[in-house]
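Every read-out reported here was derived from the displayed coordinates using simple, explicitly stated rules and does not represent laboratory data. Nothing here was measured: the structure is a model prediction, and the numbers come from that model. Note that we place each Cβ from the backbone using ideal geometry, even for glycine, and neighbour counts take in every protein chain shown.
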Amino acid sequence: MTRPDLSPYATVMDDSQLTGRPIVVPGAGPYGGDLELPEPLVTGAKTWADVDRDICMHAEQFPTRRWWLAFGVALAFLGLLGFALMTLFYAGMGILGVNQPVSWGSFIINFVFWIGIGHAGTLISAVLYLFRQQWRTGINRAAEAMTLFAVCCAGLFPVIHLGRAWFAYWLVPYPNARGPLWVNFNSPLAWDLFAISTYGLVSLTFWYMGLLPDLATVRDRATHPWRRRLYNALSFGWTGSQRAWRHYESAYMVLAALATPLVFSVHTIVSFDFATSVMPGWHTTIFPPYFVIGAIFSGFAMVITLMTFMRGYFGMTHYITLNHMENMAKILMLTGMLVGFAYCTEFFMAWYSASAWEGFVFRNRAFGPYGWAYALMFTCNAIVPQLFWVKAMRRNTLVLFVVSILVNVGMWFERYVIVVTSLHRDYLPSSWGMYALTFWDYAFLLGSFGLFFTLFLLFVRVLPVVAISEVKGVMDPQVARGVPRPTAVAATVPAVPAAAQGV
Amino acid sequence: MKPTSSTGVLGDFYLPGDALAAAARVRAAGWTHFDMLTPFPVHGMEDAMGQGRSWIPWVTAGLALFGVAFAQLLQNYVMVWDWPMNFGGKPHAAWPSFVPITFELMVLCAAIGSAIVAIVAGKRQAVPPPPLVRTGATVDRFVLWISATDPKWQAAEVQAFVRSLGADDVRLVDAKGGADA
């Protein structure tokens, strides 16, 4: 498709001109075919100086009324979490809905849900970095921040599920005066501790590495000496020295290469919590890939939700374009289909294994008393994302937003289905039971959203929400410099190959 | 570590490619105590400045091996030596169940260690202008800095040389950190 309204080598486009298709230059390809060029990642003829201003602005000006409104709502839910925590510590675990036979309830569901949300950030920052997906630059900073905050929410639940949260440090193997009494390294719960804490720390390191040059940018824009000093300390005195960039880039690549298998390992280990048990419905080899793909699916849904806010609230449409949203929609559809495939495989294996217990659990899961949850899960996760076969749906932010919410609802219910339906009817019909969430279960779930959004709203107030230095690197230098090159100077500049100019 | 000084010459370049060509010429002219300050990494600059590839991956490999060794020693010490327990007659040194923690500690040590080493090495090897000078290199400028510690240093000559590279806004920075147009 040729684009009569554009120069064939257009690097300046408006949002409205983006189509999500390459710009075709007929006959300009290396063998005489068509040359297809991608659309620019940043729209609106932005210069490098504009990028600094547009992105740092939100951390430099006084918060808007809309921000206070959103922050107030988030803070109210955080207060609910605090109230629920105090009540839990005062009254004990009896305030929750867990009991025999369903002894793992909403806390484990919320834990798996939040840790799943946390997967998309590192996937975007590490896996897409290794695959040279340059569109990641617009969204990776916020997605990584989302990861960190989701891990905070996730980490809360196993700790309070211990019952005596103040002894949580006993999970850490350190020489102690109790024997020493060590943790059991054969237990998946001990693996979980290492997996989640490693994931949190490595994600934090990766995020902070990416922030260093941008903190220096904020420092150089600061007018108040204390603000300048603070951001200078936070950026470790970053100057942009090429001798520092050399090691920085190498370390960033290494971190991406380490974080990629880490993403897959974390939810694999979370799935071991279930898969190494001998419960029908949990004891299956499909669990690690099934959990990992579900995590990526739900994480991308949350990224789409947050990016819709960033585009709307913070006017980031030039940096998070419709093309970015469409790419995420494609990933959402792909992972949604993989999740749907896993649901079907589970059913097939339950029949094919000829295990009576396994067969019963799955019939009970889909058609038993919790069939409504299964139907909700299947509809939201496997059927709704099929909308994205249609390009117009992928580029409609309202549809994207609604689907992303539905997917998150569906993924919460996936964990609900896995945890509750496997437990509530086990081998002995005499010990069957039902599980219902109490007010406090809901308070913890809503409160964890309060924690998440409070942290996220604070993040957008104090730090650059888009990776400035990375976005600058994917812009066309000829446009992004903004001022014409002085001709007197240009005459003395040695000839540079065109390829080097496009660095 | 290269000696740093608060005296030197700054020159701005218009585009990454100009900076790349300039860096190669500064190096070819025999300067060693110089640096290029850029808002984002300019690919090919390591070669233009004659630095070669970063050695960070070797640090990562060493730290990863340390993480593996530490995790294996910890788990075997606890499960086999210090607190052996019988779980259904299974062996004490149940290596498959030690794999997850070994992997996690490998990644943890390698990732955090590499990041710290990279930041420290970058700080130590950089030849930056004095911290009070606003170079604009975090915004949109590609800035060449030649430090007065370079053995070839001659203030007037250096400014002429930097201008001959095509730099804009060439200025001498004196020992007090102020910029002289």
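Would you mind listing the helices (runs of 4 or more DSSP H) fully within the range A:298-412 where at least 3 residues are in contact (Cβ under 8 Å) with a residue 60 or more places away in the chain, of a type outside the set (Val, Ile, Thr) and closer than 24 Å to A:Leu423 by Cβ? Full working, then the answer.
Numbers: elements: A:322-352, A:356-367, A:371-378, A:391-394.
Filter on the range A:298-412 gives A:356-367.
If A:Ile124 passes every condition in (1) in a helix (DSSP H, G or I); (2) surrounded by fewer than 23 Cβ atoms within 10 Å (Cβ to Cβ); (3) touching a residue at least 24 places away in the same chain (Cβ under 8 Å); (4) of a type in the set (A, V, I, L, M) but one, which one does it miss?
With respect to (1) in a helix (DSSP H, G or I); (2) surrounded by fewer than 23 Cβ atoms within 10 Å (Cβ to Cβ); (3) touching a residue at least 24 places away in the same chain (Cβ under 8 Å); (4) of a type in the set (A, V, I, L, M), A:Ile124 is out only on (2).
Can you tell me which residue in the range A:186-237 is surrounded by the fewest Cβ atoms within 10 Å (Cβ to Cβ), limited to those that are among the charged types (D, E, K, R) and within 25 Å of the chain's Cα centre (by Cα)?
A:Asp192
Within the range B:16-39, can you find the residues that are surrounded by fewer than 23 Cβ atoms within 10 Å (Cβ to Cβ) and part of a loop (DSSP other than H, G, I, E, B)?
B:Ala29, B:Gly30, B:Trp31, B:Thr32, B:His33 - these are the residues of the range B:16-39 that are surrounded by fewer than 23 Cβ atoms within 10 Å (Cβ to Cβ) and part of a loop (DSSP other than H, G, I, E, B).
Quick grid of which residues meet (1) more than 21 Å from B:Trp83 (Cβ to Cβ); (2) within 14 Å of another protein chain (Cβ to nearest Cβ); (3) touching a residue at least 12 places away in the same chain (Cβ under 8 Å):
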residue: A:Cys153; (1), (2), (3): yes, no, yes
residue: A:Phe167; (1), (2), (3): no, no, no
residue: A:Leu171; (1), (2), (3): no, yes, yes
residue: A:Phe206; (1), (2), (3): yes, yes, yes
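Among the residues of the range B:24-36, is any within 8 Å of chain A (Cβ to nearest Cβ) and among the β-branched types (Val, Ile, Thr)?
Step one: list which residues in the range B:24-36 are within 8 Å of chain A (Cβ to nearest Cβ), which gives B:25, B:35-36.
Filter once more, keeping what is among the β-branched types (Val, Ile, Thr): none.
Within the range B:24-36, not a single residue is within 8 Å of chain A (Cβ to nearest Cβ) and among the β-branched types (Val, Ile, Thr).
If we scan the range B:98-115, do we find a residue that is of a type in the set (D, E, K, R) and not in a helix (DSSP H, G or I)? Spell out how you get there, then give the answer.
Taking the range B:98-115 first, the residues of a type in the set (D, E, K, R) are B:104.
Restricting the remaining residues to those that are not in a helix (DSSP H, G or I) gives none.
No, that holds for no residue.
When you look at A:Phe113, is it within 17 Å of the chain's Cα centre (by Cα), under 30 Å from A:Ser422 (Cβ atoms), crowded, with 19+ Cβ neighbours inside 10 Å and not acidic (Asp, Glu), yes or no? Full working, then the answer.
Details: within 17 Å of the chain's Cα centre (by Cα): yes; under 30 Å from A:Ser422 (Cβ atoms): yes; crowded, with 19+ Cβ neighbours inside 10 Å: yes; not acidic (Asp, Glu): yes.
Criteria met by A:Phe113.
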